[in-house]
Amino acid sequence: MYFSFLQFAFTFLIYLYTVFVVYRNGYSRSVRKWFKLMTNNSGTIVIFTVIALILMGVNFSKACDSTDLFLGTTFEIIILIFVPVHWRVLGYSAWLSCAAAVLSLGNFILAMVIAENECN
């Protein structure tokens, strides 16, 4: 998770530089390498976050017993039916990391499209 945050900080600095260059010169072939670098960093963030969530899920599924279920409101019953047991105990920081990975995936796709279509 720490390396993913470091990659995010690096991607943000690349983004600021790319905005500056595009503002001054427009989209050009020289900017394409910066968009591809952002794409690679965003893809790395997604991969590392998915691996970290899988490892946390495996560890938590070993630590908790699947018989510790209870029935409550309708929302809780829906959660019990559709969400696996080990995903329910990850906590809010793991889900924030998952949301960050989804946003990084969007950044990955957007930077790739801009690098291939706009930078001629």
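Quick look at the values:
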read-out: Criterion: modelled with pLDDT under 60, out of contact with any helix residue (DSSP H, G or I) (no Cβ under 9 Å at 6 or more places or on another chain) and in a helix (DSSP H, G or I) - qualifying residue of Ile81, Ile54, Ile77; value: Ile77
read-out: Failed item in (1) at pLDDT 60 or above; (2) over 30 Å from Ser28 (Cα atoms), with Ala115 passing the rest; value: (2)
read-out: Qualifying positions in the stretch 15-35 - surrounded by fewer than 16 Cβ atoms within 10 Å (Cβ to Cβ) and closer than 13 Å to Phe108 by Cβ; value: none
read-out: Selection from the stretch 18-37 of residues that are touching a residue at least 40 places away in the same chain (Cβ under 8 Å) and assigned to a helix (DSSP H, G or I); value: Arg29, Val31, Arg32, Phe35, Lys36
read-out: Filtered residue count, the stretch 95-120, keeping only those that are crowded, with 17+ Cβ neighbours inside 10 Å and either acidic (Asp, Glu) or not in a helix (DSSP H, G or I) (or both); value: 1
read-out: Residue check, Thr44 modelled with pLDDT under 75 and either under 29 Å from Val113 (Cα atoms) or loosely packed, with under 11 Cβ neighbours inside 10 Å (or both); value: no
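The values are calculated or read from the model by the stated rules, or taken from the named source; none is laboratory data. Here the structure is a predicted model, which is why all the values come from computation and not from measurement. Neighbour counts are summed over all protein chains in view; Cβ atoms, including those assigned to glycine, are modelled from backbone coordinates with ideal geometry.
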